[in-house]
Amino acid sequence: MSTIVHVVGARPNYMKIAPVWRALTRYEVDQQLVHTGQHYDPNLKDVFFGELPLPAPDVELHIGSGSHGAQTAKALAALEETFVRLAPDLVVVPGDINSTLAAALAAVKLEIPVCHVEAGLRSYDRTMPEEHNRRVTDHLSSLLLTTCADGNENLAREGIVDGVRLVGNTMIDTLEEARGPAEQLGAWAPLGLERGAYVLVTLHRPALVDNPALLRRTIEALAGLSAYRPVVFPIHPRTQARIDDLDLSLPSSLRMLPSLSYTSFLSLELGAAAVLTDSGGVQEETTALGVPCFTLRENTERPVTITEGTNTLIGLEPERIADIPRLLEMADTSRRPPLWDGRAGDRAAVAIAELYGLSLRVPVRAHAPGERG
Ligand code: UD1
């Protein structure tokens with residue numbers, strides 16, 4: 001039987017890989033899940049395995065934090081050893097984090113083919129570590145599963161045409177599955193908020209949070225926005241550490257929370273009047289939910305969320321945050337990109353099965369009385 005190894009390392013990876021994993025269980029293949037340990041906080045890691053249709057990792061590598069070079073190198077060395085031991089026929093990597101790049105590089109050097117889930121995204125911003133990670137991973141991959149047509153176009157511009165399959169957005173499969181429970185949870189109520197009457201914020205990118213003056217002005221602008229609508233801000237540990245250094249006094253209408261579980265965050269997202277973020281995945285989720293999103297970045301690798309979704313780039317200047325009440329009046333929340341339909345994991349599994357000759361498992365059926373086995 002063939003073996004497929006999936007490599008994850010940080011929070012957004014789990015939502016992207018879970019639907020592919022699940023769809024592949026219908027095929028004759030042994031799947032193994034490897035976690036590099038890039039994220040190690042229980043709030044960024046363990047909590048997700050309890051709530052997503054993903055088993056606990058078979059292998060944990062505990063690489064931890066570090067500079068980009070050190071973190072990628074540790075993951076590369078540990079993954080090489082793991083791949084030698086597990087001898088997979090295919091390595092599947094989602095997204096654009098340091099663990100993604102390390103896994104793709106370790107695999108190809110061992111002549112193991114790589115499938116990249118969420119291929120073809122480009123911000124064309126070479127100051128973003130993720131841009132290098134996704135670009136190199138695409139060039140190392142044999143099967144490139146894209147979320148939208150502009151992903152295919154970006155790849156074609158770089159000469160990558162073979163092995164590219166537009167399957168849609170697997171992260172939206174996970175969202176569709178969790179939407180009912182997230183609605184039911186109503187995570188706004190215990191915070192004393194009304195549905196549709198608060199703004200949700202997430203910030204973690206180094207370009208913003210590692211610049212103390214910019215972070216201070218951004219937080220002050222959020223405090224100003226909270227006079228318009230209460231602002232809820234679940235905080236990534238990286239951002240929390242930087243805010244702790246700033247010694248700010250904040251109004252109670254700006255609610256800081258620890259990082260949340262997937263269902264709790266999704267619940268706050270779908271109940272929000274608007275979301276402010278610098279995350280990639282949140283731009284996509286808000287588009288799927290029809291919630292207006294304002295992205296605190298100068299560019300996005302996900303332009304489809306602007307052209308066919310609810311996203312508006314407002315840039316890094318904190319003064320723009322004060323425009324949000326006015327921008328919200330004009331928000332168009334009716335669009336959704338094609339193939340963001342909750343079936344992308346199935347299409348990903350079909351693409352993998354076709355390329356690697358996997359056959360469907362024969363369903364095991366109880367014998368009817370008198371039927372010969
Ligand atoms: C990483 C990804 C980013 C993704 C994000 C999701 C890269 C280059 N970046 O960014 O693309 O959007 O995950 O969250 O791979 N830390 C903790 N606990 C943890 C993990 C990190 O406290 O469990 C803190 C540490 O101070 C660490 C810092 O966060 O140094 C950065 O963590 P790292 O995983 O390197 O990058 P993220 O900012 O999380």
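Any read-out appearing in this document is the output of simple, stated calculations on the displayed coordinates, not a laboratory observation. Every value quoted in this text rests on a predicted model; they were computed, and no experiment measured them. Don't worry about glycine lacking a Cβ; one is built from the backbone with ideal geometry, like all the others, and counts go over all protein chains shown.
The table that follows gives values for the structure above.
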| read-out | value |
| --- | --- |
| SER252-ASP30 pseudo-label distance in nm [points 7 Å out on the Cα-to-Cβ vector] | 5.9 |
| Percent RCO, i.e. relative contact order, over the stretch 180-308, from Cα pairs under 8 Å lying at least 6 residues apart | 30 |
| Extension gain from GLU298 to GLN240, taking 0.36 nm per residue of separation minus the Cα-Cα distance | 18.6 nm |
| Relative counts (whole %) of C-alpha pair distances in the stretch 202-322, using bins that are 5 Å wide | 2, 11, 22, 25, 23, 13, 3, 1, 0 |
| Student exercise, the stretch 260-367 dipole from Lys, Arg, Asp, Glu Cβ charges, in Debye to nearest 20 | 600 |
| Cα-Cα P(r), the stretch 259-373, percent of pairs per 5 Å interval | 2, 10, 16, 16, 14, 9, 7, 7, 5, 4, 4, 3, 2, 1, 1, 0 |
| Acute angle (nearest 10 degrees) that the helix 129-140 long axis makes with the longest principal axis of the chain, alpha-carbon atoms | 20 |
| Charge tally in the Cβ shell below 12 Å around GLY309, where Lys, Arg are +1 and Asp, Glu are -1, GLY309 excluded | -1 |
| Stretchable slack from GLU111 to GLU220, in nm (0.36 nm times residue separation minus alpha-carbon distance) | 34.1 nm |
| Fraction in percent of alpha-carbon pairs per bin - 10 Å, the stretch 134-258 | 11, 27, 22, 26, 13, 1 |
| Percentage of interatomic Cα-Cα distances in the stretch 248-319 larger than 19 Å | 38 |
| Length-normalised contact order of the chain in % [C-alpha pairs under 8 Å, at least 6 apart] | 17 |
| Principal axis dimensions, largest first and in whole angstrom, of the chain by Cα | 70, 54, 38 |
| Shape of the stretch 1-154, Cα gyration tensor, a/c cut at 1.5 | rounded |
| Farthest toward positive dipole pole in the stretch 248-328 [+1 Lys/Arg, -1 Asp/Glu at C-beta], among PHE265, CYS293, LEU316 | PHE265 |
| Gain in span if fully extended, HIS62 to ALA87, counting 0.36 nm per residue against the direct Cα distance | 7.0 nm |
| Peptide ranges 274-283, 7-16, 303-312 listed from the most packed, as the mean C-beta count within 10 angstrom indicates | 7-16, 274-283, 303-312 |
| Ranked SER334, SER141, SER264, SER99, criterion: other C-beta atoms within 10 Å, fewest first | SER334, SER264, SER141, SER99 |
| Label-point separation, ALA149 to ALA77 (7 Å along Cα→Cβ), nm | 4.7 |
| Packing rank of 168-181, 124-137, 319-332, 23-36, where each peptide gets the mean count of other beta carbons within 10 Å, highest leading | 168-181, 23-36, 124-137, 319-332 |
| Virtual paramagnetic centre 7 Å along Cα→Cβ of ALA227, amide N under 19 Å, in the stretch 287-331 | 318-328 |
